[in-house]
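Colleague: Here it is, the structure, as structure tokens.
Values in this text are rule-based calculations from the coordinates and carry no lab data. Just so we're clear, the structure is a prediction, and the values are computed from it rather than from any experiment. In this analysis, Cβ positions are derived from the backbone assuming ideal geometry, glycine residues included, and neighbour counts consider all displayed protein chains.
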């Protein structure tokens with residue numbers, strides 16, 4: 001495993017009593033983000049509804065990194081809650097509050113409370129790309145120009 005990347009983090013006033021994002025287990029890839037909703041507030045996410053949920057955190061990522069906001073599998077399985085633009089991207093030059101766009105794809109309203117774990121943050125390296133204009137397709141591949149669904153839905157189809 002590589003050395004941890006140092007990232008400056010600021011807890012905003014409305015999140016001073018909430019924990020910093022943390023890894024739930026030693027092998028976890030993502031840190032859990034919590035909802036920094038007002039103390040007496042409860043967010044009820046109706047089926048089909050979406051909401052921007054604050055985390056009360058600002059970060060300063062080093063250049064060459066991004067933070068990806070991803071859904072939590074338990075919320076998705078139990079309630080149909082996911083991150084609408086998953087994975088959401090926090091660029092290294094963004095300095096605003098991290099907020100998570102949640103959507104309820106389930107059939108029942110879901111209550112989200114202050115301090116509840118709502119998403120995961122995963123750090124990822126970002127390589128810059130340099131476009132090189134050139135004809136594409138000069139190398140033949142097995143797939144060629146076949147697109148959506150062209151590899152089938154079963155192993156037998158893709159081997160045939």
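Colleague: Divide by every residue of the chain the summed helix terms, -39500 (n - 2.57) for each DSSP H run of at least 4, and state the resulting mean residue ellipticity at 222 nm, rounded to the nearest 500 deg cm²/dmol. If you can, show how the numbers build up before the last one.
Modeller: Details: 2 runs with 12 residues, N = 160.
Calculated at 222 nm, the ellipticity per residue is -1500 deg cm²/dmol.
Colleague: Report Rg/Rh for region 8-126, rounded to two decimals, where Rg is the Cα radius of gyration and Rh the Kirkwood radius.
Modeller: Here Rg/Rh amounts to 0.95.
Colleague: Can you tell me which of 64, 96, 144 moves the most in a GNM of the chain? Springs connect C-alpha atoms under 10 Å apart.
Modeller: 144
Colleague: Using label points projected 7 Å from each Cα along Cα→Cβ, tell me how many nm separate residue 105 and residue 22, to one decimal.
Modeller: 3.0 nm
Colleague: Where is the GNM fluctuation largest for the chain (alpha-carbon springs, 10 angstrom cutoff): 99, 36, 22?
Modeller: Answer for the Gaussian network model of the chain: 22.
Colleague: How long is region 9-71 along each principal axis, judged by its Cα atoms, biggest number first, in Å?
Modeller: Computed over the Cα atoms, the extents are 36, 28, 25 Å.
Colleague: At 0.36 nm per residue, minus the direct Cα-Cα distance, what do residue 92 and residue 127 gain on full extension? Give it in nm, one decimal, please.
Modeller: Details: separation 35, 0.36 × 35 = 12.60 nm, distance 1.24 nm.
Result: 11.4 nm gained on full extension.
Colleague: Compute the normalised compactness of region 51-117: alpha-carbon radius of gyration over 2.2 N^0.38 Å, N being the residue count. Mind dumping the intermediate values first?
Modeller: Working: Rg = 13.1 Å, N = 67, 2.2 N^0.38 = 10.9 Å.
Compared with the compact-globule rule of thumb, region 51-117 sits at 1.20.
Colleague: Can you tell me the FRET efficiency between residue 13 and residue 145 if r is taken as the Cβ-Cβ distance and R0 is 41 Å, rounded to the nearest 0.05?
Modeller: On the way: r = 55 Å, r/R0 = 1.33.
FRET efficiency, residue 13 to residue 145: 0.15.
Colleague: Oh, and also: Describe numerically, in nm with one decimal, the distance between label points set 7 Å from Cα along Cα→Cβ at residue 156 and at residue 46.
Modeller: Rounded to a tenth, the inter-label distance reads 4.7 nm.
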